[in-house]
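First comes the structure, then the notes that go with it.
The values are calculated or read from the model by the stated rules, or taken from the named source; none is laboratory data. Since the model is a prediction, treat every value here as computed from it, not as a measurement. Positions of Cβ are backbone-derived with ideal geometry, glycine not excepted, and every protein chain shown enters the neighbour counts. Only protein heavy atoms, including side chains, enter the accessible area calculation; ligands, DNA and RNA are left aside. Shrake-Rupley method; radii C 1.70, N 1.55, O 1.52, S 1.80 Å.
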Amino acid sequence: MKNKLIYLISVLFVAVACFSCSDDDDNNSDKDLIGTWNYSGKAADIHFEFDYNGDEISFPEGLIPSGVIPEGIPGVSETGIDVAMIKMALPMLANKYMSQYFQGIKFISETEIEILMTMNDQPATLKTTYTIQKDIIKVSTQSDGFKELLSTIPVTSIDLNYKIANNELTVYLNTSYVKTLLAAVPAILGGTDLTADQKTKIEVFVKDFLKNLKTLEFGAKLTK
């Protein structure tokens, strides 16, 4: 059970972290995107905004198997995690994993894009297409590489808000899109071999999390 839950959480995290409120800013130009934008691998270049109703995100009893969470971590237990801890620790944790796998984004043309990664300690790319709608980059997930990565996650595109300022490209998932991804959890669970009880616990957690989530923006700042 422990391995299955960790795998499921990892898939959700990678989907968000690697392709991670609109500013209604129409000053962005499609042509400004062309070129290679690199991720520095520094925690300071994580874009993260989080606001939640309450001081703790509670876990349903039995959601986190005993022994998964190391003892002695302040604000974290098998019953919940402090919101303040998330705000402090998640950018550093996200950077730790992103810096291992995510290198940047290359906009080849006004319709083609490559996600630059490291896989098995070797440089790798994930090529697909994209379109621009105002300040949103809609990255198609219909290429073979994306389909393999996302598996049963039912999305046809990943929508990234973006803004360019001072030769820096910020791309991030906004709150509405994060909620859309999380709302797909029941469908994702249907494709796993988790027990009915395990699926129910995860669905209860996600439902409560969505109900109390006020703001969640997640992404990265890239430079040419």
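See the values below:
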{"quantity": "Overall form of the range 26-151 per C-alpha gyration tensor (a/c, 1.5; a/b vs b/c)", "calculated": "prolate"}
{"quantity": "16 Å cut-off, amide nitrogen to a point 7 angstrom out along Ile132 Cα→Cβ, residues in the range 164-182", "calculated": "164-172"}
{"quantity": "Environment charge of Asp159, counting only residues whose C-beta is closer than 13 Å and scoring Lys/Arg +1, Asp/Glu -1", "calculated": "+1"}
{"quantity": "Global form of the range 30-104, assessed from the alpha-carbon gyration tensor, a/c cut-off 1.5", "calculated": "prolate"}
{"quantity": "Karplus-derived 3J(HN,Hα), 6.51/-1.76/1.60, for each residue of the range 128-145, Hz, glycine and proline x", "calculated": "7, 10, 8, 9, 10, 10, 6, 9, 10, 9, 9, 8, 5, 9, 8, 6, 4, x"}
{"quantity": "Å² per residue, accessible surface of the range 93-160 at 1.4 Å", "calculated": "54"}
{"quantity": "The range 87-188: C-alpha gyration tensor shape, a/c 1.5 cut-off, then a/b vs b/c", "calculated": "rounded"}
{"quantity": "Cβ-Cβ FRET estimate between Thr125 and Thr180, R0 fixed at 22 Å, reported to 0.05", "calculated": "0.25"}
{"quantity": "Surrounding net charge for Leu222, when Lys and Arg each add one and Asp and Glu each subtract one, Cβ distance under 15 Å", "calculated": "+1"}
{"quantity": "Above-threshold pairs, the threshold being 19 Å between Cα atoms, out of Lys31/Lys106; Lys87/Lys224; Lys106/Lys163", "calculated": "Lys87/Lys224"}
{"quantity": "Ordering of 102-109, 140-147 by burial proxy (mean other Cβ atoms within 10 Å per residue, highest first)", "calculated": "102-109, 140-147"}
{"quantity": "Share of carbon and sulfur in the accessible heavy-atom surface of the range 57-178 [1.4 Å probe, %]", "calculated": "53"}
{"quantity": "Full-stretch length increase - Glu49, Leu210 - with 0.36 nm per residue and alpha-carbon distance subtracted", "calculated": "56.4 nm"}
